[in-house]
There are 2 protein chains.
Amino acid sequence: MADSTPKIQPATTGELDERKAAILNAVVAEHIDTAQPVGSNSVSTNEGVNVSSATVRSEMVSLEREGFLVQPHTSAGRIPTDKGYRYFVDHLGRGVLPHTQHSTLANFFSHLRGEMEEVLTQTSQMLNEMSNYTSVIIAPSHASATVRSVQVVDLGPRRCVVVAILSDGEAVRRTLELPFEITPEQVSEASTQIASLLFGNTLEQRVEVPSRDTPVATLVRDAIASLYRSTPTFEEDRVYIGGSAKVADTFDTVEAVRNVLGLLEKEIVVVNLLEDILQQGLSVAIGSEHGYEPLSTAAVVVAPVTVDGEVTGAVGLLGPTRMNYPEALATAQLVSEQLGQRLGDLIGER
Amino acid sequence: MADSTPKIQPATTGELDERKAAILNAVVAEHIDTAQPVGSNSVSTNEGVNVSSATVRSEMVSLEREGFLVQPHTSAGRIPTDKGYRYFVDHLGRGVLPHTQHSTLANFFSHLRGEMEEVLTQTSQMLNEMSNYTSVIIAPSHASATVRSVQVVDLGPRRCVVVAILSDGEAVRRTLELPFEITPEQVSEASTQIASLLFGNTLEQRVEVPSRDTPVATLVRDAIASLYRSTPTFEEDRVYIGGSAKVADTFDTVEAVRNVLGLLEKEIVVVNLLEDILQQGLSVAIGSEHGYEPLSTAAVVVAPVTVDGEVTGAVGLLGPTRMNYPEALATAQLVSEQLGQRLGDLIGER
DNA sequence: ATTTGGCAGTCGAGTCTACCGAGTGCCAAG
DNA sequence: CTTGGCACTCGGTAGACTCGACTGCCAAAT
């Protein structure tokens with residue numbers, strides 16, 4: 001509205017004319033670097049901005065009116081708003097990681113061995129060390145894995161454990177308390193019955209269980225019910241966090257640190273947060289864009305992890321809004337690709 | 001050495017005469033309360049100390065010489081040293097928790113349901129909320145649990161998963177990559193062979209495996225080897241931490257917060273820390289008593305968790321050296337008892 | 001019509017000073 | 001041995017002042 005001049009505007013810069021964009025860019029870049037308010041002088045000496053500080057100043061008042069910048073107080077420089085960061089991120093040329101990072105990453109993945117948990121734990125740690133931000137990895141859900149085997153094991157008086165093994169290699173274990181004693185034969189019969197009932201189904205597709213009243217039938221029914229009762233652990237265990245200690249350094253108020261740590265503790269919330277962001281088609285959520293109050297001073301960079309062409313998880317980096325977006329984006333991107341491949345190998349073809 | 005008067009000293013107060021003890025006590029108590037250096041005046045008005053501030057002062061220089069107190073600077077009050085806290089803790093009358101806490105605790109445990117992981121997660125959270133310190137719970141180790149069942153499940157081309165179920169209900173799962181295709185019959189034969197080889201042993205007691213070279217024998221050997229290869233996850237999974245966000249509030253320097261969080265991330269270290277402290281027969285480790293550098297400004301209160309008369313785990317509270325020891329001790333104590341009982345029920349008789 | 005240099009004005013941050021008061025150590029009297 | 005009294009120390013706070021990094025505005029230049 002402030003800019004109604006009928007001038008040819010280059011399409012590449014979107015809503016802002018080229019000069020404003022350059023100025024905004026310079027402000028964001030410098031603020032990310034120095035954490036200080038940025039003044040018109042340092043902007044005007046910036047390459048890419050070839051106007052005097054006075055001109056920069058007048059452009060900055062306009063950028064402030066439009067909500068891209070704010071002044072902490074009169075007679076201070078400007079700092080970007082969430083909207084300012086958003087513009088910066090949206091008009092970012094895909095940054096390329098330095099070669100050294102590329103190769104340490106390749107090296108890391110080539111030396112990575114072990115079960116999925118180890119792979120993810122290690123990756124999240126590496127990601128944290130590499131980016132210096134707190135890293136979050138969401139592992140593939142087991143929701144679409146089908147049952148390959150079920151076994152009931154007698155553990156002692158009226159107590160047994162039922163274990164289902166899923167097609168992705170995961171084991172789901174539940175303990176059962178029985179209202180009666182039971183013989184080994186009955187246990188093994190229940191095992192085979194349950195297995196044949198559930199085989200090939202996911203744990204989400206509920207199958208009909210014949211409701212007879214023999215001990216075996218009761219055991220079968222109880223066992224299946226317990227497998228269906230999804231414990232919170234099931235979703236929580238998908239979260240791997242690397243470097244929560246970094247929160248103390250990257251955020252500058254105690255308040256923020258407490259909030260972020262508090263949120264990271266609630267692992268289900270973390271899963272939802274990342275999935276929400278991806279759902280919105282974003283790769284960065286800045287400030288309060290994601291709607292999670294405690295993270296209003298934070299930014300989250302997310303990259304989906306795809307296995308066999310399907311989005312099954314996510315890789316995220318969490319930092320203050322003035323985080324190094326180009327680098328963080330590139331890192332998350334790269335790691336998520338590599339991780340997707342690796343998980344594909346681990347899970348195998350279905 | 002400073003105190004060589006041949007006076008009858010009451011045995012109850014140990015190395016310090018009664019008056020010094022009372023003064024030290026007052027200083028510690030007030031410092032815990034206010035986080036400020038404590039001066040002679042406020043001590044002399046304290047009940048239990050019926051001498052003038054001048055006398056208190058002269059006693060305080062003596063306490064300082066003996067290493068129980070320090071002055072942050074001349075003309076400031078005194079604060080306790082680690083040694084001062086140690087004395088305070090060692091001569092503490094067993095505090096009793098207020099009735100309200102007692103009953104919320106009972107209420108909590110009576111409503112607690114589910115598998116071990118849930119029980120421990122919930123307990124650690126409750127403990128944190130109740131004490132306002134970061135809580136740590138170490139779950140019973142599976143080291144002494146014996147194998148009750150082993151099953152190999154074919155997952156697809158040259159890939160299978162082996163699951164062992166232990167007497168405590170835990171399942172140990174490993175994925176295997178095979179150098180050859182294998183038939184369902186061979187898989188089930190391997191299953192029974194492995195089961196009969198391992199049954200009744202712990203995963204620590206290695207059994208001899210016949211080294212023939214048939215596909216089944218290879219599978220058996222590989223599977224057993226993979227079960228023996230203990231993943232780090234096995235020990236790490238014993239740690240449950242509640243309220244790491246509280247670290248940001250309870251410690252006052254960023255440095256300390258970073259250190260503590262950094263240590264909490266390394267779960268194996270946490271296990272060792274608590275077990276070390278218990279091994280030393282302590283229930284509180286103050287400052288650098290435990291030898292873990294990053295925690296030199298912290299104190300850890302620990303209570304063993306006993307199941308069937310055996311120490312199998314621990315309950316801990318982590319705070320600054322000026323934490324509320326009486327309350328923390330009482331809380332940890334109580335929770336560990338209740339938890340021990342509950343875990344006994346969960347694991348059942350062997 | 002824009003851009004620019006110049007200029008007055010604002011305000012945070014740092015320095016210096018003075019002062020207050022909590023707390024000490026010491027000592028002489030009780 | 002204890003106590004009140006006294007001189008002294010030193011951190012913290014408040015006020016005055018300066019410095020300098022900014023801004024906004026404006027008139028001259030392009």
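The values are calculated or read from the model by the stated rules, or taken from the named source; none is laboratory data. Worth saying up front: this structure is predicted, and the values here are computed from it rather than measured. Quick reminder, even Gly has a Cβ in these numbers, built from the backbone with ideal geometry, and neighbours come from all protein chains shown. Ligands, DNA and RNA are excluded from the accessible area calculation, which covers all protein heavy atoms including side chains. Shrake-Rupley method; radii C 1.70, N 1.55, O 1.52, S 1.80 Å.
Couple of notes before you dig in:
- Failed item, numbered, when A:Asn132 is tested on (1) open to solvent by 10 Å² or more (accessible area, probe 1.4 Å); (2) within 10 Å of chain B (Cβ to nearest Cβ); (3) touching a residue at least 60 places away in the same chain (Cβ under 8 Å): (2)
- Region B:214-232, residues that are within 8 Å of another protein chain (Cβ to nearest Cβ) and either modelled with pLDDT of 95 or more or open to solvent by less than 30 Å² (accessible area, probe 1.4 Å) (or both): B:Thr231
- Taking first residues from region B:56-75 that are touching a residue at least 40 places away in the same chain (Cβ under 8 Å) and partners that are among the hydroxyl-bearing types (Ser, Thr, Tyr) and more than 7 Å from DNA strand D (Cβ to nearest atom), the Cβ contacts under 7 Å between residues at least 6 apart in sequence or on separate chains come to B:Phe68/B:Thr81; B:Phe68/B:Tyr87; B:Leu69/B:Thr81.
- Some residue of region A:295-312 being modelled with pLDDT of 95 or more and in a helix (DSSP H, G or I): yes
- Considering region A:37-114, the qualifying helices (runs of 4 or more DSSP H), each wholly inside and each with 2 or more residues that are more than 14 Å from DNA strand C (Cβ to nearest atom) and closer than 30 Å to A:Met126 by Cα, run over A:82-90, A:99-110.
- Residue list for region A:244-262, restricted to those being under 21 Å from A:Glu129 (Cα atoms) and at the interface with another protein chain (Cβ under 7 Å from one of its Cβ atoms): A:Ser244, A:Ala245, A:Ala248, A:Asp249, A:Val257, A:Leu261
- Residue ID - least open to solvent (accessible area, probe 1.4 Å), chosen from residues in region A:139-180 that are assigned to a loop (DSSP other than H, G, I, E, B) and under 21 Å from B:Arg113 (Cα atoms): A:Leu178
- Of the residues examined, B:Thr183 is not one that is β-branched (Val, Ile, Thr), within 30 Å of B:Val119 (Cβ to Cβ) and out of contact with any Asp or Glu (no Cβ under 6 Å at 6 or more places or on another chain).
- Filter result for B:Glu170 (more than 21 Å from the chain's Cα centre (by Cα) and more than 10 Å from chain A (Cβ to nearest Cβ)): no
- Scanning region A:96-121 for residues that are in contact (Cβ under 8 Å) with a residue 12 or more places away in the chain and open to solvent by 70 Å² or more (accessible area, probe 1.4 Å) returns A:Val96, A:His102, A:Thr104.
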